[in-house]
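The values are calculated or read from the model by the stated rules, or taken from the named source; none is laboratory data. Bear in mind that the values here come from a model prediction, so they are computed numbers and not experimental data. Positions of Cβ are generated from backbone atoms using ideal geometry, with glycine treated the same way; all protein chains shown enter the neighbour counts.
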Amino acid sequence: MDKRTLAAILLILGVLLVDSVWWSQRTRQRVPAPPDSTSALVTPGAESGAGSVPGATGATGAVEAPAVMPPETTSGSSATVPGAPTVTGETAVSTRIASAPVEEHHLKTKVFDATLSSEGGAVTSWVLADYTDPATKKPVDLVRLGRSAVHVAVSAGDATFDFTNAPFQVVDYDGMRGRVGFEAVDSSGVRVRKTYRLTDDPSLLDLEVRVSAPAGLGPIRYRLGWGAPLPLTERSAKTQELKGTALLGEKMVALDTKGLGKEGFKVENGNVRWAGDRSKYFVAAIIPDSQTVEQVAFFPAEDGSANAWLTGAATPGAEVVRHARLYAGAIHYDTLIGVGYGMDRLVNLGWSWLQPISRFLLKCLLLLYQWIPNYGVGIIILSIATKIVFYPLTQSSLRTMKIMHRLQPRMNEIREKHKDDPAKMNTAVMALYKEHKVNPLGGCLPMLLQIPVFFALYQVFLNAVELRAAFFIGHIHDLSAPDVLFMLGPLPISLMPILMTISTFWMQMLTPTDPKQRPLMMMMPLMMLFIMYSLPSGVILYWTVNNVLSALQQQWVNHVDDRQMAAAST
């Protein structure tokens, strides 16, 4: 194996190692400090956190520049409000609304079943029909047990009113048309109304929020958000996979608590197309109808994750009417393309220059699934197909490597003979290449041309929600997770990484290698085992199949070359 080929392989391993280390740092679970029950510190964006309303048409009164409500320790509060963000000098005030019996209603489509409660006028359950939680074996619920989502907080003058758990009244219910409206009015006159409606798209729920306050209370500041970290639905999931995310124009932002900086919150300005909260495979996002929302604020949640909130402001006495759509579901490429608004940007398909290739390969995988409903078989077929496409390039590369390996003793003689004259040495080496019709770049360049496809397939198999809970064979019931045969104490024993390592050793044994480089090449399978041991079984399956096909092709090249050498010597 020449130095260029070795460099290409080490480059691939280096990228995987950096990615593995970076991801482990990003997903290392950090336990937040427990809240001090004696403190009046208000934590915005907690799981029961408040939010603000997205901008849209229909607001009465001039709209001022959006105002951010960063966290602030307050004094003189009637109570600690565990979700309402405040501005400097403001007091967090518990809403003063007469209690009422809790009333629940369902809005259901073929995609989701949403439970709406008069407590907070919020979403208390959002069950997805097509996705199962591997731990409970029940359909995934994007609202954690005992929590709620879609929250509003309103600041007027020097006070912030938290409507998270306020008793709302059902003021507009039409079960036939799929519409539920809730309203709550604080004794100060601050009013919040939320209306949920089914839409023609079974993936979306229409949301209208109205906020008003007496002019005497001063300017209104408000925020709206899903306001609750999504559940960890995967066995290997980490808290830091939960992020607040938003699309502002063409700028994609995704932050966990580490990205909030020393201030503990972060503000992004621009044309907000949507904002919400995500896990690896799911997202809950609010999509404003208009382009009048210009600010998103990111705040920490109580479990160490981050939430994204749409924020805004209005003049005293204005009634603000904001329309949006709510998408809470899988980060599924075709579904998000149908939703629009740039939601498909949530699908992680690698670097921007790699995404067209990744999208094409993902569509090929989905097409294969229509014919053979097993994604593991689809991965094998796609791996074979890419090998066939690149067969001429790979064959040329392997033959060049074989010839270069055979010529290595003569090249060493030339280098030794002309070690004091580099010009003569290069001339003699090039003459040797010409005599045997070999291009010194022929071993490396074909491999480099295949690297984009390799990384594209890696991203697809690593992040595609289609592989989630996808059965392959035997004990492999989830291609998006490691295939654990059994536990040896705290160590999971997985079969696929072991088979991958064996296939890598086989491939290395067949590959022509400089004797000086062989110890390093024999270490590579162990390096790959360490780097890739905890990766999803779908990724390991792809790599193993690729190794086996590469080894078979190398064995064939070696056989043909040996026959030619034997024929030439007789």
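The residues in the range 133-153 that are modelled with pLDDT under 90 and β-branched (Val, Ile, Thr) can be counted, and the count is 1. Can you tell me which residue within the range 227-256, out of those that are free of Cβ contacts under 8 Å to residues at least 60 places away in the same chain and part of a strand (DSSP E or B), is farthest from THR124 (Cα to Cα)? If we take residues in the range 227-256 being free of Cβ contacts under 8 Å to residues at least 60 places away in the same chain and part of a strand (DSSP E or B), then LYS251 is farthest from THR124 (Cα to Cα). Quick check, is ALA308 crowded, with 23+ Cβ neighbours inside 10 Å, within 18 Å of the chain's Cα centre (by Cα) and aliphatic (A, V, I, L, M)? Answer is yes for this residue. Screening LEU535 with (1) part of a helix (DSSP H, G or I); (2) of a type in the set (A, V, I, L, M); (3) surrounded by 18 or more Cβ atoms within 10 Å (Cβ to Cβ) gives one miss only, at (1).
Taking the options ARG193, ARG147, name whichever one is of a type in the set (D, E, K, R) and farther than 19 Å from PHE112 by Cα. Give the derivation first.
On the way: ARG147 fails: farther than 19 Å from PHE112 by Cα.
The match here is ARG193.
Residue selection: LEU107 satisfies the criterion of being farther than 27 Å from ALA237 by Cβ, at pLDDT 95 or above and in the same structural domain as THR195 (by TED's automatic domain parsing).
Just the residues that are of a type in the set (Val, Ile, Thr), farther than 16 Å from TRP126 by Cβ, in contact (Cβ under 8 Å) with a residue 60 or more places away in the chain and buried (at least 24 other Cβ atoms within 10 Å of the Cβ), please, taken from the range 270-304. Even if it seems obvious, please write down each step before you answer.
From the range 270-304, those of a type in the set (Val, Ile, Thr) are 272, 283, 286-287, 292-293, 296; that's our starting set.
Then drop every residue that is not farther than 16 Å from TRP126 by Cβ, which leaves 272, 292-293, 296.
If we keep only those that are in contact (Cβ under 8 Å) with a residue 60 or more places away in the chain as well, we get 272, 292-293.
Hits for the range 270-304 are VAL272, VAL293.
Only a single item in (1) part of a loop (DSSP other than H, G, I, E, B); (2) of a type in the set (Lys, Arg); (3) under 16 Å from PRO288 (Cβ atoms) is not met by ARG223, and it is number (1).
You will find that of GLN508, GLN555, the residue that is of a type outside the set (Phe, Trp, Tyr), within 19 Å of PHE454 (Cα to Cα), more than 26 Å from the chain's Cα centre (by Cα) and assigned by TED's automatic domain parsing to the domain that holds ILE403 is GLN508 and no other.
Restrict the check to the range 455-472 and report whether at least one residue is more than 24 Å from VAL140 (Cβ to Cβ) and among the polar types (S, T, N, Q). Scanning the range 455-472, I find no residue that is more than 24 Å from VAL140 (Cβ to Cβ) and among the polar types (S, T, N, Q), so the answer is no. The helices (runs of 4 or more DSSP H) found entirely in the range 356-468 that carry 1 or more residues being under 21 Å from TRP556 (Cβ atoms) and basic (Lys, Arg) are 375-389, 391-417.
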